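Here's the structure, in structure tokens; my notes come after.
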Amino acid sequence: MAKPEIKVVNIVVSTSLKHEIPLEKMAATLSNTEYNPEQFPGLVIRIKDPKTSALIFSSGNVVCTGARSMDKVEESIKKIIKSLEKINIRIKIKPEIKIQNIVASGTVGMDLNLNNLAMKLKNTEYEPEQFPGLVYKLVEAKATFLLFSNGKVVCTGTKSEENVNKALEKLIDNLKKVK
């Protein structure tokens, strides 16, 4: 049996820059942006390093996605603030960053019989004709797992790396109980 492991692949955060942002001006000045207000009220900014994307709203609210660590999240937010300086917007606060969701992927270290798990575990959805993975809501850990027969897993819904690891431990406990 392989060793169970999981690592963060995406952190979604939100923050407020507490400043109105002129999105048209930003889109006209910066090359790494997309803005179609008829389709969506936010401006998309893509950052090369760390590889992240953010939605920026005229209210100053920001949703950033794609970072694999909180250090990378903070680096991305700093780069957004720096790019705003190019259009003469000075953000003087240190934005308060709130984690909305963490996505992690890994393995439980064993093959899984998804049909069996769908019968024995509570809070599961399994439609093999539509999707090869089993969806398992781990209510007590506030996490949702996608489980695959080869033992690979994707975890979503947690708000910290510590919670990701606790959720994986709880998942493995539950899998051992129904084997």
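The test for being more than 18 Å from I91 (Cα to Cα), of a type outside the set (K, R), in contact (Cβ under 8 Å) with a residue 24 or more places away in the chain and touching a Ser or Thr at 6+ places or on another chain (Cβ under 7 Å) does not hold for E20.
Pairs linking a residue in region 81-92 that is free of Cβ contacts under 8 Å to residues at least 12 places away in the same chain to a residue that is not charged (D, E, K, R), with Cβ atoms under 9 Å and 6 or more positions apart or on different chains, are E85/I91; R90/H19; R90/I81; R90/L84; K92/H19. For region 35-56, what are the residues that are surrounded by fewer than 16 Cβ atoms within 10 Å (Cβ to Cβ), within 25 Å of the chain's Cα centre (by Cα) and farther than 14 Å from S83 by Cα? If the condition is that a residue be surrounded by fewer than 16 Cβ atoms within 10 Å (Cβ to Cβ), within 25 Å of the chain's Cα centre (by Cα) and farther than 14 Å from S83 by Cα, then N36, P37, Q39, F40, P41, K51 are the ones that fit.
Taking the criterion of being at pLDDT 95 or above, closer than 15 Å to T15 by Cα and of a type in the set (G, A, S), would at least one residue in region 68-91 satisfy it? Yes, some residue in region 68-91 is at pLDDT 95 or above, closer than 15 Å to T15 by Cα and of a type in the set (G, A, S). Taken as a whole, the structure places S53 among residues that are of a type in the set (G, A, S), assigned by TED's automatic domain parsing to the domain that holds E34 and free of Cβ contacts under 8 Å to residues at least 24 places away in the same chain.
Considering the conditions (1) part of a helix (DSSP H, G or I); (2) without any contact (Cβ under 8 Å) to a residue 12 or more places away in the chain; (3) under 26 Å from P37 (Cα atoms); (4) not small (G, A, S), D71 is excluded by exactly one of them, (3).
The values are calculated or read from the model by the stated rules, or taken from the named source; none is laboratory data. Everything numeric here is computed off the predicted structure, so don't read it as measured data. For neighbour counting, all protein chains shown are included, and Cβ atoms are generated from backbone atoms with ideal geometry for every residue, glycine included.
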